[in-house]
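The values are calculated or read from the model by the stated rules, or taken from the named source; none is laboratory data. Keep in mind that this is a model prediction, so the values were computed, not measured. Ideal geometry is used to build each Cβ from the backbone, glycine not excepted, and the neighbour counts take in all protein chains shown. Note: accessible area is taken over every heavy atom of the protein model, side chains too, but ligands, DNA and RNA are not part of it. Shrake-Rupley method; radii C 1.70, N 1.55, O 1.52, S 1.80 Å.
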Amino acid sequence: MPARSLGARNISPVTGTDLFSVLSGFDGVVDCRSPSEYSEDHIPGAVSAPVLDDVERAAVGTLYKRVSPFEAKKVGAALVAKNVARHIETLFAGKDRGWRPLVYCWRGGKRSAAMAHIFREVGWDAQTLAGGYRGYRRWVVGRLQELPSRFDWRVVHGPTGSGKSRFLGALRRAGAQVLDLEDLAAHRGSVLGDLPGRPQPSQKWFESQLLHELSALEPARPVFVEGESKKIGQLQVPQALIGVMRASPCIVLETAREARVSLLIDEYRHFIEARDALEVQLDCLVGLHGREKIARWKALAAQGAWREFVAVLLEEHYDPAYRRSSLHNFVQLPQAASVAIGSAEPEAFDAAARALNALGIQPGEHPQVLHHAAA
């Protein structure tokens, strides 16, 4: 069976094209760039199968500049053949004759062409992505500029400790569409927002995952998202998404103070167990609150007075910051629907989410005020 080429006209990653839907027509996506390139960002779902690792790629590049292109190509070709052979014997050993992979490299050049050629010689209908990763990245940036405006957003607000992430999870379980930006960013968005064991992704990988999530949403149904600032930890939320969120209808969680304290103690468990890390983060707030106040907070932590520590932090730092930021940035917040959460138990969030989702809010409608006393 003659191999079909992947023409740029058919699958070129340009704004307006649903590239992820096109890619789903393949049996697999293979990233043949180096491991460091893959680690920074890649097409979601792509498997890493480098034809040159980082050391090999650097050595071939040096040979190209210092000796000659011919010598570099000769060494490079031998390395590529050896590495592709290893991948066929390991990663792809179980693929049958009908396997149809898409292969890409940095710009759709020699690396992906070489791998695809060997695959076709095996008998697989391998194709390459026009423009490679570079073209894909341009497509991501363009798509993130125009896609957010297609959805009808419902922005979930509430001061720190209200359980907004938990409420989003409850909404998802209730059948609603949800975009959890903090989960994608691996950060809770506050000064103590680092997640233990989960470093933040690169900006590019965050955007790839974000676009993949957006592409799976249905424009005909509302999408719930937490009201965020422009930055989540060290990551920037795309301007087009922030802009449409700030203009959208809002929902405010009115969570009981004791429940908020309990939720934050649970979230900050890793800081309770490693107080040195907590003090480092608190020191970041000296410029805002002064050394005397920070010392008082540290003293509460040193005494193990965790409920008092969290309550003071809410009253003196988080709640004033929330009032300054949210009311200024989200124009529909004063008309927001309100949802009362009476306890930190999961059942309280599930009950409130089911009640809100049952309203059946349609695109373009503003949610009515909902007071739901979840026990």
Exercise. Given the residues 229, 208, 262, which is the only one that is touching a residue at least 60 places away in the same chain (Cβ under 8 Å), among the small types (Gly, Ala, Ser), farther than 20 Å from residue 311 by Cα and not in a loop (DSSP other than H, G, I, E, B)?
Worked result: 208
Seminar exercise, completed: Expected single match for among the aliphatic types (A, V, I, L, M) and surrounded by fewer than 13 Cβ atoms within 10 Å (Cβ to Cβ) among 59, 78 is 78
Seminar exercise, completed: Going through (1) surrounded by 11 or more Cβ atoms within 10 Å (Cβ to Cβ); (2) at pLDDT 95 or above one by one, residue 93 fails only at (1)
Exercise. When you look at residue 327, is it in contact with a Pro (Cβ under 9 Å, 6 or more places away or on another chain), without any contact (Cβ under 8 Å) to a residue 24 or more places away in the chain and open to solvent by 10 Å² or more (accessible area, probe 1.4 Å), yes or no?
Worked result: yes
For this session: Six or more apart or on different chains, Cβ under 8 Å: which pairs go from a residue in the stretch 290-315 that's open to solvent by 20 Å² or more (accessible area, probe 1.4 Å) to one that's of a type in the set (D, E, K, R)? Could you list them?
Result: 293/316; 298/279; 302/275; 311/257; 312/296
For this session: Name the residue, out of 33, 66, 107, that is under 26 Å from residue 140 (Cβ atoms) and open to solvent by 60 Å² or more (accessible area, probe 1.4 Å).
Result: 107
Exercise. For the subset of the stretch 45-55 comprising residues that are open to solvent by 30 Å² or more (accessible area, probe 1.4 Å) and out of contact with any Asp or Glu (no Cβ under 6 Å at 6 or more places or on another chain), which member is nearest to residue 114 (Cα to Cα)?
Worked result: 53
Exercise. Among the residues of the stretch 166-187, how many are in contact with a helix residue (DSSP H, G or I) (Cβ under 9 Å, 6 or more places away or on another chain), surrounded by 18 or more Cβ atoms within 10 Å (Cβ to Cβ) and under 18 Å from residue 241 (Cβ atoms)?
Worked result: 10
